[in-house]
Amino acid sequence: MTVRLAQVRRLIVATQGFAPRFRRAGTGEVEAAIRRLSAVQLDSISAVDRAHRLTLSARIGAFPPQEVGELLRTGRVFEYWAHEASLLPVELWPHFRAVMEGRGHWGSHERALKDHADLVEPVLERIRLEGPLGSRDFEGQGGSGGMWNWKPAKAVLDALWDSGRLVIAGRQSFQRRYELAERVIPKQLLEAEAPSEDETLRTFALLAVGARGALTEAAIREHWRLKGGKARLHHHLVALVAEGRLREVDVDDGGAPFYTLPDAELDGAPAPPVLVCPFDNLVWDRPLLERVFGFRHVIEVYKREHERLYGYYVLPLLAGDRFVGRADLKADRAEGVLRIRRFTPEPGVRGDVDTKLDRAATRLARILGLERIER
């Protein structure tokens, strides 16, 4: 089956479910959106809003800032390493057990548990007695040379989280609050046997394709940052296609085939003008973006000012099935203003791009609770 690349592009856009106008999310919509996306990336930068809030609100509208914390506290979602540090549906907990019980994600975490083994039980005991604590709660107690030297304590906290003994039960000023896993994660999931790697890889493939609409094999791996290359995943995709759980689609540009769900309808409704978070799921895979959208995604927050082409915190502007520009934004909460510091249209874009930008920025400003836009 060979289809046009434009059909794949429209399927990808339609699958995102970007909201056409301002709305307020109802009860349960945040949790449902995280489940639908399979993973939502977290990032500490708040020039406009936190990354996970931008990603979610683009789809479901405005929601209370405490809602994600409540989902974490009550064990309906959990935070762990997926694409990056991400919010994940809690039913995926068993699929991450193999990593948690192995070497984790960072050698520094394994070293922390060895080098500071004397801190592990005291850290767990304090949390057991006092409830959720942040790394700052361990700062300075006992003096600079005492037990609670901040850096080792923080390293141990992160290592215990990486190993699944602690979970993130919310954040305070975006600082993690650590809690015992057994007090948050539902017992049936905490005690469930870890699925086989084959089952986990097949589950991850189905979830990634369902969340994104159409993905290449490389993009499925990038969705979860799976190591091991083609040899680790390809035979599972072949099996899922043979079982009728995925469909393989050749594209007229001659590139790698895409995988879709078997009942996915190619094409799809165009997106309303929307300013997309630079860490949104839609823009995770840069080679895929360049191939499908002809758009080169650049994140410049870590560059020096004179090295930036588009600005500090730049949100791509999507309209229809194309990226039509890039907006460098700043939320000035003290003044109640969403500032468009710079807007760069994409080369060759036709139509009234300014109107599309105004529409997207107006919706975003309302979501952020800002009164006006300034350019």
With -39,500 (n - 2.57) per DSSP H segment of 4 or more residues and division by the full residue count of the chain, the 222 nm estimate, nearest 500 deg cm²/dmol, is -11500 deg cm²/dmol
Would you calculate the separation in nanometres between label points at VAL238 and ARG111, each defined as 7 Å from the Cα along the Cα-to-beta-carbon direction? 4.1
Report, in debye and to the nearest 20, how large the dipole of the chain comes out about its Cα centre when Lys and Arg carry +1 and Asp and Glu carry -1 on their Cβ. 960
Roughly to the nearest percent, how much of the accessible area of the range 270-375 is carbon and sulfur, given a 1.4 Å probe? 46
Say each of VAL337 and GLU91 gets a label point 7 Å from the Cα, pointing the same way as Cα to Cβ; how far apart are those two points in nm? 4.7
Hydrodynamic radius of the chain per Kirkwood, over alpha carbon pairs, in Å: 22.2
Averaged per residue, what accessible area in Å² does the range 8-47 show with a 1.4 Å probe, protein chains only? 40
Please compute the contact order of the chain in relative form: average sequence separation of alpha-carbon pairs under 8 Å and at least six residues apart, divided by the residue count, as a percent. 20
Which far-off residues, 5 or more places away or on another chain, put their amide H under 5 Å from the one on LEU226, with H placed in the peptide plane? none
Enumerate by residue number the chymotrypsin sites (Phe, Trp or Tyr not before Pro) in the range 220-308 meeting two conditions: DSSP loop (anything except H, G, I, E, B), and at most 11 other Cβ atoms within 10 Å of the site's Cβ. TYR302
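Quick check of the Kirkwood formula: for the range 19-76, what is the inverse mean of 1/r over all pairs of different Cα atoms, in Å?
Hydrodynamic radius (Kirkwood, Cα only) of the range 19-76 equals 11.8 Å.
Report the full-extension gain for the segment GLU139 to ALA218: residue separation times 0.36 nm, less the Cα-Cα distance, to one decimal in nm.
24.2 nm
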For every other residue with a beta carbon closer than 13 angstrom to the beta carbon of ARG165, add +1 if it is Lys or Arg and -1 if Asp or Glu, then tell me the sum. -4
Would you mind computing, in nm to one decimal, how far apart the modelled labels at GLU182 and GLN66 are, each placed 7 Å from Cα along Cα→Cβ? 2.9
Residue-normalised accessible area of the range 262-327, expressed per residue, 1.4 Å probe, Å²: 42
With a 10 Å cut-off between alpha carbons and a GNM built on the chain, which of GLY131, GLY348, GLY17 moves the most? GLY348
Counting only heavy atoms of the protein chains, get the accessible area per residue of the range 62-137 (1.4 Å probe) and round it to a whole Å² value. 47
For the range 264-304 and the range 353-370, what is the centre-to-centre distance using only Cα atoms, to the nearest Å? 18
For the range 1-34 and the range 163-190, what is the separation of their Cα centres, given in Å? 30
First check a/c for the range 1-114, with a ≥ b ≥ c the square roots of the eigenvalues of its C-alpha gyration tensor; if it is under 1.5, answer rounded, and if not, answer prolate when a/b is larger than b/c or oblate otherwise. oblate
Report, to the nearest whole %, how much of the accessible area of the range 48-104 belongs to carbon and sulfur atoms, 1.4 Å probe, protein only. 51
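The values are calculated or read from the model by the stated rules, or taken from the named source; none is laboratory data. In this text the structure is predicted, and so the values were computed from the model without any measurement. Because the Cβ atoms are built from the backbone with ideal geometry, glycine has one as well, and the counts that use them run over all protein chains shown. Remember, those area values only see protein heavy atoms, side chains included, never the ligands or the DNA or RNA. Shrake-Rupley method; radii C 1.70, N 1.55, O 1.52, S 1.80 Å.
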